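Worksheet for the structure shown next.
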Amino acid sequence: MFEKVETYKLLAELRSRASRVGEGKLNILLFGAPGCGKGTHSEWLKAEMGLCHISTGDALREEIASGSELGKKVEGILTRGELVDDQTVLDIVAGKMARNPKAPGYLLDGYPRTLEQARSLDALLAEKNSRITAVLYFKASEDTLKFRICGRRIHKASGRTYHVVNKPPKVEGKDDVTGEDLMQRPDDNEQSLVTRLKTFYEQTAPLLDYYGEQHILNTFNADEEAASVKRDVQAVLKIGGQQ
Ligand code: AMP
């Protein structure tokens, strides 16, 4: 059938299709202080929307667990609750996107955390003719954050999370599915939380203005229970039972 189409028209169509690659992707950014619920909501968003989940925190913890050079370099930074340099996290994000070019969109969890990172992310997406679709800001009081972070327990192999009061495992200290030991993240303690919160307010919170001006910021009351926040998110994204 293509013999009948003039070459210049075919080329024009190809060029137009190439320029549209990346368009229509749903890139969602999860935003908020430690303990706000980014991890909890990333679980159902990635399952229900098939998005490629990019958590810079998870990626850095994997580097530490593997004992890589990068892992050794960043271990102390994570334990203290400080920020890893912008180029390192950009490389992680760009690498994961490059490995998942066909994803229907990206779910960015814990990235960006500085204005510089936000600008780099915009540039990275622009290269793919794409952009951030929505920023979901989970706003919670310091009391809520402290309660959640200090009571959080994790099953390392699966990533399943528990809370000693809100969501206790069936057997104390053990994963419900495997019976293996649960662990506490080394930065999930009151001392690191002070630094993590200070870092959030000083370096990350300015992004609220950045995304507010672009009219893509959606704020949720994350002091509420997860199920209620989920319903609010579904309503904003027009998914699930809220359509
Ligand atoms: P998270 O799991 O998102 O709470 O991240 C855990 C830690 O990883 C943070 O406290 C930082 O030390 C580091 N980290 C994660 N994401 C970033 C980022 N976008 N920029 C700098 N450091 C990060």
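What follows draws every value from the coordinates through simple rules; no lab data is involved. Worth saying up front: this structure is predicted, and the values here are computed from it rather than measured. Don't worry about glycine lacking a Cβ; one is built from the backbone with ideal geometry, like all the others, and counts go over all protein chains shown.
Things worth noting here:
- Shown here for the stretch 190-243: GluC sites (Glu not before Pro) in loop regions (DSSP other than H, G, I, E, B) with at most 16 other Cβ atoms within 10 Å, namely GLU224, GLU225.
- Using the Cβ-Cβ distance between SER158 and GLU69 with R0 set to 25 Å, the FRET efficiency works out to roughly 0.40.
- Net lengthening on full extension, ALA134/HIS215 (0.36 nm per residue, minus Cα-Cα): 28.3 nm
- Checked against a 32 Å cut-off, the cross-linked pairs LYS73/LYS230; LYS128/LYS167; LYS167/LYS198; LYS72/LYS238 give Cα-Cα distances beyond that limit for LYS73/LYS230; LYS128/LYS167; LYS72/LYS238.
- When only the Cβ of Lys, Arg, Asp and Glu is charged (+1, +1, -1, -1), the dipole of the stretch 43-98 relative to its Cα centre reaches about 60 debye.
- Ellipticity estimate at 222 nm from DSSP helix runs (n ≥ 4, -39,500 (n - 2.57)) divided over the chain, nearest 500: -14500 deg cm²/dmol
- Angle in degrees between helix 86-99 and the longest Cα principal axis of the chain, rounded to the nearest 10: 60 degrees
- GluC sites (Glu not before Pro) restricted to DSSP loop in the stretch 121-185 with at most 16 other C-beta within 10 Å: GLU172, GLU180
- FRET efficiency for ASP85 and THR7, using Cβ-Cβ distance with R0 set to 45 Å, rounded to 0.05: 0.40
- Degrees separating the helix 115-127 axis from the principal Cα axis of the chain, which is the longest one: 30 degrees
- Rounded to 10°, Cα long-axis angle of helix 7-20 versus longest principal axis of the chain: 20 degrees
- Highest-MSF residue in the chain out of ILE64, ILE132, ILE28 [GNM, Cα springs under 10 Å]: ILE64
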